[in-house]
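> Got a structure here, written out as structure tokens. Questions coming.
The values are calculated or read from the model by the stated rules, or taken from the named source; none is laboratory data. Please read these numbers as outputs of a predicted model, since none were measured by experiment. FYI the Cβ positions are ideal-geometry reconstructions off the backbone, even for glycines, and counts take in every protein chain you see. With ligands, DNA and RNA removed, areas are computed over all heavy atoms of the protein, side chains included. Shrake-Rupley method; radii C 1.70, N 1.55, O 1.52, S 1.80 Å.
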Amino acid sequence: MLRYSLKRLLSLILSLAVASLVIFFVIEVAPGDPASFMLGINAQPDTVAALRAELGLDVPKAERYLSWLAGMAAGDFGTSYTYRTPVAGMIADRLWVSLPLALYALTLSTLIAFPAGIYAAARRGKPGDAVVMGATQLGVAVPNFWFAMMLVLIFAINLRWFGAGGFAGWENGLLTGLHSLTLPAIALALPQAAILARVMRSALLDILGEDFMRTARAKGLSRRQALWRHALRNALIPVLTIIGLQFSFLLAGAIIIEQVFYLPGLGRLVFQAISARDLIVVESVVMLLVFAVITVNFLVDLAYALVDPRLRART
Amino acid sequence: MSRNLILGGLLSALVVLAALTSFLWTPYDHAAMNIPAKLQTPGAAHWFGTDHFGRDMFSMIMVGARTSIAVALLAVGIGMGLGVPLGLAAAARRGTWADEVIMRGNDLVFAFPSLVIAILITAVFGPGAVNAIIAIGIFNIPVFARVTRGAALSLWERDFILAARVAGKGAARISAEHILPNVANLLIVQGTIQFSLGILAEAGLSYVGLGAQPPTPSWGRMLADAQTMVSFAPHMALIPGVAIILTVLGLNLMGDGMRDWLDPRLRGRGG
């Protein structure tokens, strides 16, 4: 297990290093100088030069890349070109909306998908299976932001159960905060739940055909007991992979959903930064998202080994 | 042929037909504003109603189908064009450092969701439909590379490949002449799935302003326009949404149907 974890850890560090290089140099090729942009077209050359020095833009690229990396490792993402405040603080504020939203959605999607997938697999070929599969087929096709608008129309505008947008803030209590994230989380979760339910069903059906399942039935377990005791644990591997992948889609999806609900999350921050050409903010948010995706996949790899001891032995 | 394939094929054909017809004919000029006729609900004069500028939504949906299809199709083209050769090369050099580099590179690209790529490209070059194509296309590359490699790996163990090797053919020639035709079915099915995902991604990118820019009509932009009007003109949000859902549903059903048709072992499995 230790060797497996170390190998994965090495691959994690390598991926992060390459990803950070790609992001840094893509942003570097952006036309225009941030200092000139901030000061406007009438700025004096010496003022621009002074600001360039202040922002650390006058040192060679390689050196800037290394200090950017070292800064991020220490939690310092630099200073926003537009707001002149630390980027780390801006991101931390927004993360308190985006991260709980993604986790809330992930929880909902798992809670919906597991029973739906298990139900469909247990009733393969029967009407119950057809209904679940039909619903998931539709769920996969629905754009989450459109679904979000429909939720607003029904539950906020017509029924008035929820606000149409905005975030109440965590300082008013956990429940109030969760309440204002509920519609966005449902909108994010349902299409993902559809995918997850399909994977769950298909993974279970694969396992149900295996020899050891026949053995389990032969030793006297009922179909249901065999499913719960043996099939589920084995089906968890493909399901875990998808959950890991989904987290990245949920974080990215949260950026879009935040626009529907006017939530002050990472999405709003990054879109404002793009229009203000605040490239250091864009760079940091993108790096954070990619960091999250790579790290979650690393954790999923480790979780595999816990669920399936064969993987530990193999690598 | 399965019911899925027929229904999916019909839905997809309808969308393609609407897009192609829009080059020759639309009920109204899709960009023509007519403020006195704004926010009309669907009726005889305007089958899908009008938007807040009085533009005919039916014409906009027809022309928007063009944008969606073009972006998604080109993105699949990029993904296949680069991903398939990479996958074939990785399989041909399986177990070597070349395979390892290609597959780790794929993992890395996988860590950049298309929205994140689009954010990066837009931050550098500004928004536009081309960004959407590149962003979705890049995300498609590792998908096709993995599918191709996975299928090609088992083929390399087969007797007919051994025969080709004995006949003196090199790895590149075997990949092109024997492996590729045998994975083509799988690639067509995956292409259909990525095409439908591309339609969804294009809509999302246009919705947040990273995709097609006005005056190019796109379903995602129509939804962005509809957002503030949804309480008094719900048709503005409903119609583009239903257009996206039916297109994606059609393509997915077609993909499922084709998979079952091409590989009877999978029949009734779904997933």
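> Report yes if A:Val260 is of a type in the set (A, V, I, L, M), under 18 Å from B:Ile121 (Cβ atoms) and out of contact with any Lys or Arg (no Cβ under 8 Å at 6 or more places or on another chain), otherwise no.
Judged against the criteria, A:Val260 is not a match.
> For B:Leu82, work out the one condition from (1) out of contact with any strand residue (DSSP E or B) (no Cβ under 8 Å at 6 or more places or on another chain); (2) open to solvent by less than 10 Å² (accessible area, probe 1.4 Å) it doesn't fulfil.
(2)
> Hey, can you tell me all the residues within segment B:199-238 that are closer than 23 Å to B:Ser114 by Cβ, facing chain A (nearest Cβ under 10 Å) and part of a loop (DSSP other than H, G, I, E, B)?
B:Val208, B:Gly209, B:Leu210
> Considering segment A:194-214 alone, what residues qualify as being more than 10 Å from chain B (Cβ to nearest Cβ) and open to solvent by less than 50 Å² (accessible area, probe 1.4 Å)?
If the condition is that a residue be more than 10 Å from chain B (Cβ to nearest Cβ) and open to solvent by less than 50 Å² (accessible area, probe 1.4 Å), then A:Ala194, A:Leu196, A:Ile207, A:Leu208, A:Met213 are the ones that fit.
> Run B:Thr21 past the list (1) over 20 Å from B:Ser196 (Cβ atoms); (2) buried (at least 17 other Cβ atoms within 10 Å of the Cβ) and report the number of the one that doesn't hold.
It is condition (2) that B:Thr21 fails.
> Further, regarding this structure: Taking into account only those residues within segment B:220-271 that are among the polar types (S, T, N, Q) and crowded, with 21+ Cβ neighbours inside 10 Å, which is modelled with the highest pLDDT?
Step one: filter segment B:220-271 for residues among the polar types (S, T, N, Q), giving B:227-228, B:231, B:247, B:252.
Next, from what is left, pick out any that are crowded, with 21+ Cβ neighbours inside 10 Å: B:247, B:252.
On the way: B:Thr247: 96, B:Asn252: 93.
Across segment B:220-271, the extreme among qualifying residues is B:Thr247.
> Right, next: Can you tell me which condition A:Ala43 does not meet? The list is (1) of a type in the set (Gly, Ala, Ser); (2) more than 34 Å from the chain's Cα centre (by Cα); (3) in a helix (DSSP H, G or I), and all the others hold.
Against the list (1) of a type in the set (Gly, Ala, Ser); (2) more than 34 Å from the chain's Cα centre (by Cα); (3) in a helix (DSSP H, G or I), A:Ala43 comes up short only on (3).
> Something else: Restricting attention to segment A:20-46, report how many residues are among the hydroxyl-bearing types (Ser, Thr, Tyr) and surrounded by fewer than 17 Cβ atoms within 10 Å (Cβ to Cβ). Show your work before the answer.
Filtering segment A:20-46 for residues among the hydroxyl-bearing types (Ser, Thr, Tyr) gives A:20, A:36.
Checking the rest, the ones that are also surrounded by fewer than 17 Cβ atoms within 10 Å (Cβ to Cβ) come to A:36.
Residues that pass the stated criteria total 1.
> Shifting gears a bit: Among the listed residues A:Ile280, A:Ile256, identify the single one that is closer than 30 Å to B:Asp225 by Cα, in contact with a Gly (Cβ under 6 Å, 6 or more places away or on another chain), facing chain B (nearest Cβ under 8 Å) and not charged (D, E, K, R).
Only one candidate passes the filter, namely A:Ile256.
> Ok, one more. As an exercise: evaluate B:Gly54 against (1) open to solvent by less than 10 Å² (accessible area, probe 1.4 Å); (2) in a helix (DSSP H, G or I) and give the number of the one condition it does not meet.
(2)
> What pairs come out if I take residues in segment A:87-114 that are in the same structural domain as A:Leu188 (by the TED database) and pair them with residues that are among the basic types (Lys, Arg) whose C-beta lies under 8 Å away, six or more apart or interchain?
A:Arg94/A:Arg268
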